[in-house]
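Step one of this worksheet: look at the structure below.
The values are calculated or read from the model by the stated rules, or taken from the named source; none is laboratory data. Quantities reported herein were computed from a predicted structural model and do not represent experimental measurements. Cβ placement follows ideal geometry from the backbone for every residue including glycine, while neighbour counts extend to all protein chains displayed.
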Amino acid sequence: MPLVVFNQKGGVGKSTITCNLAAISASQGLRTLVIDLDPQGNSTSYLLGAQARDDQPTVAGFFEHCLSYSLRTVLPTDFVVATPHENLHVMPSSPMLGELESKLESRHKLYKLREALQQLAAGYDRIYIDTPPALNFYTRSALMGARACLIPFDCDEFARKALYTLLDNVAEIRADHNPGLVVDGIVVNQFQPRANLPQRMVNELVGEGLPVLQPYLPSSVKIRESHEQSLPMVYLDPQHKLTQALVALHGVLQGLRPA
C-alpha cells in the first residue's frame, strides 16, 4: 500500500504531488497518511501550515527512538499529527533527520521504517511518502518498505539523465531488498503542451517504453497560491484544470493498484 514519491533531482514537484494526491485520497473518504522524510519539510508545511509546531511529534522522533532501547512501548502512530483536513494525517519532517542519518546507517536501521509501515497500514487506507532529492538512508528505507514508487518528471535534459539513473537504482533495490517494489509510473509535471521540447521529450520517453502516466500535470501559477495558503488544490479550487488533472491521475493510480 505505501507509495513513495521519489526523484534524485530536486525541484520536480515531489512534495506538491505527494500532498495533492494524499489530499484527494482523504477527500474521497480514505484514511490517509503522509510521511515526510525530506529534512526541508515542504510537505509538512504544505499540510500543516500555521499549525506546525516545534514541539510536535516528528518522523525524526521515530528514528531517534529506533536508536534507543526503552521498556515503554512506542508506536509509529505516536509520531503522527492530524492536519486541518478530515481523514488526512502527517508524520512531520524535522531538520534533525540530517543529524540522525549517519547514526542510523552505522547501526543498520534500514528496515525500521518498513516495520513501521506494516503497523501503520492497519490504520490507513493510503500512505504516501515524500523523500529527499537523494538516494540516501531515508529514501532507501522508504523504497525497501513500499509497494510502489511514483517518479515526478519535469521536461528538461538534466531531469531525463537523472531519470535513467533513478530507474537503475530502483531496480537494484527491488533485486536486493524488496522484490515486490514496482514503478507505478512517471508523472510529467509542469507540462506545457505548446512548447516543442516538453512534447518531444515526453514522446521519446513513451517511445522507449517507459511508464509515462497520463494525464500530464499542466503548469499553473495557481499552485503557488496553494502552497502559500497551505491548501492542496482539491481544497483550494476543486474545479481548476490542475485539480482535475490531479484527480484524474489519482484515479489512474487507484486503477493500477487498488487498496
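Hey, can you tell me all the residues within the range 154-172 that are at pLDDT 95 or above, touching a helix residue (DSSP H, G or I) at 6+ places or on another chain (Cβ under 9 Å) and either surrounded by fewer than 19 Cβ atoms within 10 Å (Cβ to Cβ) or not in a helix (DSSP H, G or I) (or both)?
Within the range 154-172, Asn169 is the sole residue that qualifies.
Among the residues of the range 61-104, which ones are without any contact (Cβ under 8 Å) to a residue 24 or more places away in the chain and part of a helix (DSSP H, G or I)? Even if it seems obvious, please write down each step before you answer.
So the first thing to find is which residues in the range 61-104 are without any contact (Cβ under 8 Å) to a residue 24 or more places away in the chain, and the list is 65, 68-74, 78-79, 82, 99, 102.
Scanning the range 61-104 gives His65, Asp78, Phe79, Glu99, Ser102.
Checking the structure you have, find out if any residue of the range 115-135 is surrounded by 17 or more Cβ atoms within 10 Å (Cβ to Cβ) and farther than 29 Å from Leu167 by Cα.
Looking through the range 115-135, none of the residues is surrounded by 17 or more Cβ atoms within 10 Å (Cβ to Cβ) and farther than 29 Å from Leu167 by Cα.
Let me spell it out: the conditions are (1) part of a loop (DSSP other than H, G, I, E, B); (2) buried (at least 18 other Cβ atoms within 10 Å of the Cβ); (3) out of contact with any strand residue (DSSP E or B) (no Cβ under 8 Å at 6 or more places or on another chain), and Gly10 meets all of them except one. Which number is the exception?
Answer for Gly10: the failing condition is (2).
Can you say whether Ser15 is small (Gly, Ala, Ser), in a loop (DSSP other than H, G, I, E, B), in contact with a strand residue (DSSP E or B) (Cβ under 8 Å, 6 or more places away or on another chain) and in contact (Cβ under 8 Å) with a residue 24 or more places away in the chain, as far as the supplied structure shows? If you could, list the steps in order and put the result at the bottom.
Numbers: small (Gly, Ala, Ser): yes; in a loop (DSSP other than H, G, I, E, B): no; in contact with a strand residue (DSSP E or B) (Cβ under 8 Å, 6 or more places away or on another chain): yes; in contact (Cβ under 8 Å) with a residue 24 or more places away in the chain: yes.
Considered against the rule, which asks whether it is small (Gly, Ala, Ser), in a loop (DSSP other than H, G, I, E, B), in contact with a strand residue (DSSP E or B) (Cβ under 8 Å, 6 or more places away or on another chain) and in contact (Cβ under 8 Å) with a residue 24 or more places away in the chain, Ser15 comes out as no.
Hey, among the residues in the range 178-209 that are touching a helix residue (DSSP H, G or I) at 6+ places or on another chain (Cβ under 9 Å) and charged (D, E, K, R), which one's farthest from Leu113 (Cα to Cα)?
Selected residue: Glu204.
Can you go through Ala148, Ala175 and tell me which one is touching a helix residue (DSSP H, G or I) at 6+ places or on another chain (Cβ under 9 Å) and either over 20 Å from Asp36 (Cβ atoms) or not basic (Lys, Arg) (or both)? Full working, then the answer.
Numbers: Ala175 fails: touching a helix residue (DSSP H, G or I) at 6+ places or on another chain (Cβ under 9 Å).
Criteria check complete, one pass: Ala148.
Look through Leu67, Leu100, Leu75 and report the one residue that is buried (at least 16 other Cβ atoms within 10 Å of the Cβ) and hydrophobic (A, V, I, L, M, F, W, C).
Answer to the selection: Leu100.
Within the bounds of the range 40-51, is there any residue that is in a loop (DSSP other than H, G, I, E, B), within 18 Å of the chain's Cα centre (by Cα) and surrounded by fewer than 16 Cβ atoms within 10 Å (Cβ to Cβ)?
Residues of the range 40-51 in a loop (DSSP other than H, G, I, E, B): 40-41.
Filter once more, so that each one left must be within 18 Å of the chain's Cα centre (by Cα): 40-41.
In the following step, the residues that additionally are surrounded by fewer than 16 Cβ atoms within 10 Å (Cβ to Cβ) were identified as none.
No: the range 40-51 contains no residue that is in a loop (DSSP other than H, G, I, E, B), within 18 Å of the chain's Cα centre (by Cα) and surrounded by fewer than 16 Cβ atoms within 10 Å (Cβ to Cβ).
Please work out if Pro215 is closer than 20 Å to Val5 by Cβ, surrounded by fewer than 19 Cβ atoms within 10 Å (Cβ to Cβ) and touching a residue at least 12 places away in the same chain (Cβ under 8 Å).
Values: closer than 20 Å to Val5 by Cβ: yes; surrounded by fewer than 19 Cβ atoms within 10 Å (Cβ to Cβ): yes; touching a residue at least 12 places away in the same chain (Cβ under 8 Å): yes.
For Pro215, the condition - closer than 20 Å to Val5 by Cβ, surrounded by fewer than 19 Cβ atoms within 10 Å (Cβ to Cβ) and touching a residue at least 12 places away in the same chain (Cβ under 8 Å) - is met.
Are any of the residues in the range 18-29 more than 21 Å from His250 (Cβ to Cβ) and touching a Leu at 6+ places or on another chain (Cβ under 8 Å)? Before you say what the answer is, go through the steps one by one.
Restricting attention to the range 18-29, the residues satisfying the condition of being more than 21 Å from His250 (Cβ to Cβ) are none.
Within the range 18-29, none of the residues are more than 21 Å from His250 (Cβ to Cβ) and touching a Leu at 6+ places or on another chain (Cβ under 8 Å).
Which pairs turn up if I take residues in the range 193-206 that are farther than 18 Å from Ala162 by Cα and look for partners that are loosely packed, with under 11 Cβ neighbours inside 10 Å and not charged (D, E, K, R) with beta carbon separation below 7 Å, at least 6 apart in sequence or on another chain?
Here the result reads Gln199/Pro193, each pair linking the range 193-206 to a residue that is loosely packed, with under 11 Cβ neighbours inside 10 Å and not charged (D, E, K, R).
When residues of the range 25-39 are filtered for being surrounded by 24 or more Cβ atoms within 10 Å (Cβ to Cβ) and either free of Cβ contacts under 8 Å to residues at least 12 places away in the same chain or of a type in the set (A, V, I, L, M, F, W, C) (or both), how many remain?
5
For the range 215-255, which residues satisfy the criterion of being outside any loop (DSSP other than H, G, I, E, B) and out of contact with any helix residue (DSSP H, G or I) (no Cβ under 8 Å at 6 or more places or on another chain)?
Initial filter on the range 215-255 (outside any loop (DSSP other than H, G, I, E, B)): 218, 222-228, 233-236, 241-255.
Result: Arg224, Glu228, Lys241, Gln244, Ala245, Ala248, Gly251, Val252, Gln254, Gly255.
Is it true that Glu99 is of a type outside the set (Ser, Thr, Tyr) and over 20 Å from Val5 (Cα atoms)?
On the way: of a type outside the set (Ser, Thr, Tyr): yes; over 20 Å from Val5 (Cα atoms): yes.
So Glu99 passes the test.
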